[in-house]
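The values are calculated or read from the model by the stated rules, or taken from the named source; none is laboratory data. Please read these numbers as outputs of a predicted model, since none were measured by experiment. Cβ sites come from the backbone with ideal geometry, for glycine too, and all protein chains shown count toward neighbours.
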Amino acid sequence: MTQHPRASASDAPGGLSRRGLLGLVAGAGAAGAAIGAGATAAITAAAPARGDGTVHPFFGAHQAGITTPVQDHLQFAAFDMAAGTGRDDLVTLLQDWSYAASRMTRGLDVSATGAVGGSPEAPPDDTGEALGLPASSLTITFGFGPTLFERDGEDPFGLAAHRPPALERLPAFLGDDLDPASGDGDLCVQACADDPQVAFHAIRNLTRIAFGRARLRWSQLGFGRTSRTVADQATPRNLFGFKDGTANILADDESALREHVWVPSGDGPSWLAGGSYLVVRRIAMLIETWDRVRLAEQNRIVGRDKGEGAPLSGGDEFSAPEFATGGIDAASHVSLAHPDHNGGTRILRRGYNYVDGNNDLGRLDAGLFFLSYQRSPDRFVALQRSLSTDLMNEYLRHTGSALFAIPPGASEGSFVGAGLF
């Protein structure tokens, strides 16, 4: 596709746009606001990483933060484009975000002047809470929601013709108790790191950079990963105390990734080839109710042994469940979610636990912030509908929901989503 004029290499290379710099100043003066920073297409990756933290390259065939070894902490945010903005605003925002992300994932400030290198008479370009911290395995992943392509019958960014047919709001599911203020969005940013302050710093500064062009719609902190993406990671536990993500797709299983995660050429618009679809579900766990369930019943509901994580049909954690033996309840979570009962459907999970204090009844507001990547949203929809009779549903409430198209990775000298323009 032809490159949009505002995305051309004729812009000043390797930095923030004029509007972006002005936005940083404006954002610093508005509590909780985001700042504008237009990075151009000529983004470089020459600066070294700061500190001794693990660095995951921002540029590549696929965006980092999907098959990357799952980090310990998450900050997720969804944004809506501001009223009156247009295509140029969206392009420069994605350029700015890509430039800043390419620096922060290397442990650097969002710009060369950073938190302390600029004029003492002007707000700094970087908020500074990550000064002295290493990269901490930070990954920043960007996605596009359905409303970016069409909202209320309008096409403010000239993208309606390039909308993937599968990119629609997720349908209603049994157990939904959705809060409209905690779902959807034009854009999403997933920041994962092994240091929660590094992940927070990323979202905070991307929000500042967006000032005047996009506003934060909702966000979520997550801790304690509930999945693994590489074999040498131990299987974590969710807040019900069970091992979670035992059978997740792993990063080195290229065949499974091609079949279940990456969007192939010809399966949607060309700009999405090599990308994926991200499903986001905020799932409240009724902790206090679950805690009064006897252990044998908890095992039956899940279909696994709570201590070892083995299927109730026998073996160890990684043994394949044997459903014909009768040891696993047909309505257990393991049974209903298993690929054998869903036409071979598999998804790549990157979920996190969350605790957001307590509710008005004095109960914990806690649960699972579910994130899954799949080559088609239809696969998640079919899987979720198969869980309609899951014994675990008595202890869960789905309170947030969103779907985003995740473009492929950016090449060096470009920006995330460039193929769309």
For this session: Output yes when any residue across the stretch 109-119 is under 21 Å from the mean Cα position of the chain (by Cα), of a type in the set (A, V, I, L, M) and surrounded by fewer than 24 Cβ atoms within 10 Å (Cβ to Cβ), and no when none is.
Result: no
Exercise. Is it the case that A135 is part of a loop (DSSP other than H, G, I, E, B), within 25 Å of F59 (Cβ to Cβ), in contact (Cβ under 8 Å) with a residue 40 or more places away in the chain and under 19 Å from the mean Cα position of the chain (by Cα)?
Worked result: yes
Problem set entry | Number of the exception - A172 against (1) of a type in the set (A, V, I, L, M, F, W, C); (2) in contact (Cβ under 8 Å) with a residue 24 or more places away in the chain; (3) closer than 30 Å to D267 by Cα; (4) assigned to a loop (DSSP other than H, G, I, E, B) | (2)
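Quick one: would you say L403 is closer than 13 Å to L170 by Cβ and buried (at least 20 other Cβ atoms within 10 Å of the Cβ)? First the steps, then the outcome.
Numbers: closer than 13 Å to L170 by Cβ: yes; buried (at least 20 other Cβ atoms within 10 Å of the Cβ): yes.
Answer is yes for this residue.
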Exercise. Quick one: in the stretch 202-236, which of the residues that are under 22 Å from L257 (Cβ atoms) and among the hydrophobic types (A, V, I, L, M, F, W, C) is surrounded by the fewest Cβ atoms within 10 Å (Cβ to Cβ)?
Worked result: A234
Seminar exercise, completed: Residue hits (the stretch 255-283; surrounded by fewer than 22 Cβ atoms within 10 Å (Cβ to Cβ) and either farther than 23 Å from A166 by Cβ or of a type in the set (G, A, S) (or both)) are S255, A256, S265, G266, G268, S270, A273, G274
For this session: Of all residues in the stretch 321-362, count the ones that are within 29 Å of the chain's Cα centre (by Cα) and closer than 24 Å to E259 by Cα.
Result: 19
For this session: Tell me, please, whether a residue that is within 19 Å of G145 (Cβ to Cβ) and more than 16 Å from the chain's Cα centre (by Cα) can be found in the stretch 185-200.
Result: no
Seminar exercise, completed: Expected single match for more than 18 Å from F370 (Cα to Cα) and within 15 Å of the chain's Cα centre (by Cα) among I203, I209 is I203
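On the given criteria, is A382 among the aliphatic types (A, V, I, L, M) and either more than 17 Å from the chain's Cα centre (by Cα) or not in a strand (DSSP E or B) (or both)?
So A382 fits the description; yes.
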Exercise. If a residue has to be part of a loop (DSSP other than H, G, I, E, B), free of Cβ contacts under 8 Å to residues at least 24 places away in the same chain and surrounded by fewer than 19 Cβ atoms within 10 Å (Cβ to Cβ) to count, how many in the stretch 314-335 make the cut?
Worked result: 9
For this session: Could you tell me whether any residue of the stretch 395-405 is under 21 Å from V279 (Cα atoms), out of contact with any Asp or Glu (no Cβ under 7 Å at 6 or more places or on another chain) and without any contact (Cβ under 8 Å) to a residue 60 or more places away in the chain?
Result: no
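Can A366 be described as more than 15 Å from the chain's Cα centre (by Cα), within 30 Å of L312 (Cα to Cα), aliphatic (A, V, I, L, M) and buried (at least 17 other Cβ atoms within 10 Å of the Cβ)? It would help to see each step written out before you state the result.
Values: more than 15 Å from the chain's Cα centre (by Cα): yes; within 30 Å of L312 (Cα to Cα): yes; aliphatic (A, V, I, L, M): yes; buried (at least 17 other Cβ atoms within 10 Å of the Cβ): yes.
So A366 passes the test.
With small (G, A, S) and without any contact (Cβ under 8 Å) to a residue 12 or more places away in the chain as the only criterion, which of G86, G128, G117 stands out?
Working: G86 fails: without any contact (Cβ under 8 Å) to a residue 12 or more places away in the chain; G128 fails: without any contact (Cβ under 8 Å) to a residue 12 or more places away in the chain.
On inspection, the qualifying residue turns out to be G117.
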Exercise. Going through the stretch 127-154 one residue at a time, which ones are of a type in the set (D, E) and in contact with a helix residue (DSSP H, G or I) (Cβ under 8 Å, 6 or more places away or on another chain)?
Worked result: E129, E150
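Determine whether G185 is assigned to a loop (DSSP other than H, G, I, E, B), under 29 Å from W271 (Cβ atoms), in contact (Cβ under 8 Å) with a residue 24 or more places away in the chain and touching a helix residue (DSSP H, G or I) at 6+ places or on another chain (Cβ under 6 Å). Steps first, please.
Values: assigned to a loop (DSSP other than H, G, I, E, B): yes; under 29 Å from W271 (Cβ atoms): yes; in contact (Cβ under 8 Å) with a residue 24 or more places away in the chain: yes; touching a helix residue (DSSP H, G or I) at 6+ places or on another chain (Cβ under 6 Å): no.
No; evaluated as a whole, the condition is false for this residue.
Does G185 satisfy being farther than 21 Å from Q71 by Cβ, surrounded by fewer than 24 Cβ atoms within 10 Å (Cβ to Cβ) and at pLDDT 95 or above?
On the way: farther than 21 Å from Q71 by Cβ: yes; surrounded by fewer than 24 Cβ atoms within 10 Å (Cβ to Cβ): no; at pLDDT 95 or above: yes.
Spelling it out, it is not the case that G185 is farther than 21 Å from Q71 by Cβ, surrounded by fewer than 24 Cβ atoms within 10 Å (Cβ to Cβ) and at pLDDT 95 or above.
So, A191, is that one in contact with a His (Cβ under 6 Å, 6 or more places away or on another chain) and not in a loop (DSSP other than H, G, I, E, B) or not?
Values: in contact with a His (Cβ under 6 Å, 6 or more places away or on another chain): no; not in a loop (DSSP other than H, G, I, E, B): yes.
When the stated conditions are applied, A191 does not pass them.
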